[in-house]
Structure formats: C-alpha cells, structure tokens
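Each remark here refers to the structure printed beneath this line.
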Amino acid sequence: EHVAVVSMAHPGIDADQTVVIDGGVLRAIGPAGTVPVPPGATVIDGRGRFAMPGLVDMHTHTNLSDSHYILDLANGVTSVREMDGHPFLLRQRAEARANRLLIPNLYVAGKILASKPLSWYATVVTTPEAARAAIRDQKAAGYEFVKVHNVVLPEVYDAICDEARAQGLDVVGHIPHDIPIARAIACPQRTLEHFKGY
C-alpha cells in the first residue's frame, strides 16, 4: 500500500498506489484507498518505495558461471534470455519454475547453430538435413528457440527457418553474413542480434 508505481502504460510514476498480488498473479493496481485489500492479506507499507515490472536481460551467455543470477535479481532483473543453451540451463530453468532455485526465470535457446566450428559452444550444421535434425533434437530437449550465428550457409539457413517453423520455434540471433536482412525478416527471424557485418 502507498507505493509509487513505475508503469509501462505511460511515462512517469503513479504515486500512492495499492498493488494486490494473489498467488503470484497481479490482481489489481490503483490509487490507495480505492483498491480493496483482501482479508488476511500480508500488507507491506510502500511509503518511500517504488514498485515496477521486472526487467529482462534479453541476451546472456551463461557458459562458465551462473553467479550473476543473484546480482540480476538484486537489480530487478527477473527474467533472462539465455542465447546458447546447455542441458544444465534447462535443469536450472525447471528448478526455478518449481520454486526450488532462486534465480531469474530463464528462457533458453538451443545450442548455437553455425556452419563453422565455434569451439565447444556451438553445433556445426553444414547441410540442411543436419540443421533439421539439430532443431528437432533441440525441440525434444525443451529449448524454447533456435539461435543462429554469423556463418550459416544460405541453404542451411533456409532449412533452419523451415524446420523451426515446423517445430513451433522462433529463430533468433545473428544475421548470418551471407543472408540479406530482407531474407532474415522473411524467415521470419524473430530477433536480429548485433548486426555484425552490416
């Protein structure tokens, strides 16, 4: 009660608000005194405090250490989009969603797809068939989207777009150097990261 709310609905701050959360779901926001507080609710005095939606880090690579997750939470980052998937990230995502691990909510891409080796952190796909198989494996494992890198052969890129669509997965990541921007948009590649080479 009596909290200043940073709204995404309009610029500025809504002062002296009541925010009702029930079962982890936002149920109501409005001027203090006009929004009923359910009986038995835990009431937090929000005077001098601010409430805002959680921030999202849209491009992370947690390959060696996940120590930054607690810092994310401390700074209001409640969701993280992991751009190079590994099985341990899927396990952490499940633990967090079951309220057994205190980290941001994770959205996890499959392992990066590239047509040239990128050390240990990418899957090399040099044929359309290999790309399709990799995407089917990523879908079966539970990854949420497909990440492409700088070097992907055009015929492999087309297969990635087609198979990702068939599997209900978005394509995200770099625009491969041999792919025009219009072709990436037509894929449709959901996000265009970095614009390296353009």
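Leaving out ligands and nucleic acids, and using a 1.4 Å probe, what accessible area per residue does the chain come to in Å²?
Heavy-atom accessible area per residue stands at 55 Å².
What does the highest-first list of 184-194, 100-110, 61-71 look like by mean Cβ count within 10 Å?
100-110, 184-194, 61-71
Please compute the volume of the convex hull spanned by the alpha-carbon atoms of region 33-167 and report it per residue in Å³. Provide the component values of the computation, followed by the final result.
Working: hull volume 22.2 nm³, N = 135.
Looking at region 33-167, the number lands at 164 Å³ per residue.
Assign unit charges at the C-beta atoms only (+1 for Lys and Arg, -1 for Asp and Glu), then state the dipole size of region 41-198 relative to its Cα centre in Debye, rounded to the nearest 20.
Its charge dipole is roughly 300 debye.
Report the antiparallel proportion of the DSSP beta bridges in the chain as a percent, rounded to a multiple of 5.
30 percent
Using only alpha carbon positions, build the gyration tensor of region 102-175, then give the equivalent ellipsoid semi-axes as the square roots of 5 times its eigenvalues, largest first, whole angstrom.
Taking √(5λ) for each eigenvalue gives 20, 14, 10 Å, largest first.
Net charge near P31: determine it from the other residues with C-beta under 14 Å of the C-beta of P31, scoring Lys and Arg +1 and Asp and Glu -1. Working shown, then result.
Working: positive: none; negative: E1, D14, D16.
Local net charge: -3.
Would you be so kind as to identify which of V124, Y157, G168 lies farthest towards the positive end of the dipole of the chain, taking Lys and Arg as +1 and Asp and Glu as -1 on Cβ and the Cα centre as origin?
The residue sitting farthest along the positive end of the dipole is V124.
Any idea which of L113, L102, L89 is furthest toward the positive side of the dipole for region 15-116, if Lys and Arg beta-carbons carry +1 and Asp and Glu beta-carbons -1?
Farthest along the dipole direction, towards plus: L113.
Checking the cross-link filter: which lysines have an alpha carbon closer than 21 Å to that of K116, excluding same-chain neighbours under 8 positions apart?
Hits, sequence-local ones excluded: K147, K196.
Show me the ranking of peptides 133-142, 151-160, 10-19 by mean Cβ neighbours inside 10 Å, starting with the highest.
Details: 133-142: 16.7, 151-160: 20.7, 10-19: 13.5.
Ranked from most to least packed, the peptides come out as 151-160, 133-142, 10-19.
Counting only protein heavy atoms, what percent of the accessible surface of the chain is carbon or sulfur at a 1.4 Å probe? Show your work: numbers first, answer last.
Values: 6290 of 10910 Å².
Roughly 58 percent of what the probe reaches on the chain is carbon or sulfur.
Nearest 500 deg cm²/dmol is fine: what mean residue ellipticity at 222 nm does the chain get from its DSSP H runs of n ≥ 4 alone, each adding -39,500 (n - 2.57), divided by its residue count?
After summing the helix terms and dividing by the residues of the chain, the value is -8000 deg cm²/dmol.
The values are calculated or read from the model by the stated rules, or taken from the named source; none is laboratory data. This one's a predicted model, so the numbers in the text were calculated from it and none came from an experiment. Positions of Cβ are generated from backbone atoms using ideal geometry, with glycine treated the same way; all protein chains shown enter the neighbour counts. Heads up: the accessible areas ignore ligands, DNA and RNA and are worked out on the full protein's heavy atoms, side chains in. Shrake-Rupley method; radii C 1.70, N 1.55, O 1.52, S 1.80 Å.
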